[in-house]
Amino acid sequence: MYHILQKAHSGWAYLVLILLLVATINAFMGKSAQRNFEPKDRKISLFALIAAHLQLVFGLILYFVSPLGMASMGQMSDASLRLTSLEHPLINIIAIVLITVGWSKHKKTEDSQAKFKSIMMGYGIGLLLILSRIPWSLWF
């Protein structure tokens, strides 16, 4: 089960990164073009939000069944072990929180430019945080 979940977490990550990038670019383009926030903009952002939350669920389950998870917490001098057991989960949880805050803030406003700005900021910073803590050596 561990290997299946690990493959799902790794494979789903590509979709999450693409959707977050598309949602961030869409919000940037909408803000810079001063256009109205339309249902397609909402759907793009919502799909990215859902994909990111599913990735979080995969990651949390994987963390607790993984031999690299909780068991390696005392070995923080090893950089790659620290990345996979502490930095990656912690920073990505913070990123998902920021993405969720961006989504929540956009729902509370009526102004299209404010909607685009909250999506652009929340999703953009979340995407940068996620990219900063991906264990690239395990991906390639």
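The values are calculated or read from the model by the stated rules, or taken from the named source; none is laboratory data. This is a predicted model, so every value here is computed, not measured. Glycine gets a Cβ as well: all are built from the backbone with ideal geometry, and neighbour counts include every protein chain shown. Keep in mind that these areas ignore ligands, DNA and RNA; they rest on the heavy atoms of the full protein, side chains included. Shrake-Rupley method; radii C 1.70, N 1.55, O 1.52, S 1.80 Å.
Observations on the structure shown:
- In the structure shown, the pairs 7/105; 40/105; 7/43 are assessed against 29 Å; a Cα-Cα span above that value is assigned to 7/105.
- Dipole magnitude of the range 1-135, debye to nearest 20 (Cβ charges: Lys/Arg +1, Asp/Glu -1, about Cα centre): 380
- Take the Cα of residue 61, go 7 Å toward its beta carbon, and the backbone nitrogen atoms of the range 3-18 under 16 Å from that spot belong to 3-13.
- The Cα atoms of the chain define a convex hull whose projected area, averaged across directions, is 8.6 nm².
- Carbon and sulfur %, accessible surface of the range 86-140 computed with the full protein complex present, 1.4 Å: 70
- Taking 19 Å as the straight-line reach from the Cα of residue 108, the aspartates and glutamates in range (excluding those fewer than 8 positions away in the same chain) are 38, 41.
- A 1.4 Å probe run over the protein chains yields, for the chain, 58 Å² of accessible area per residue, whole-number rounding.
- 222 nm mean residue ellipticity, helices alone, for the chain (DSSP H n ≥ 4; -39,500 (n - 2.57); rounded to 500): -26000 deg cm²/dmol
- Placing R0 at 41 angstrom, the Cβ-Cβ distance between residue 53 and residue 114 gives a FRET efficiency of 0.95 after rounding to 0.05.
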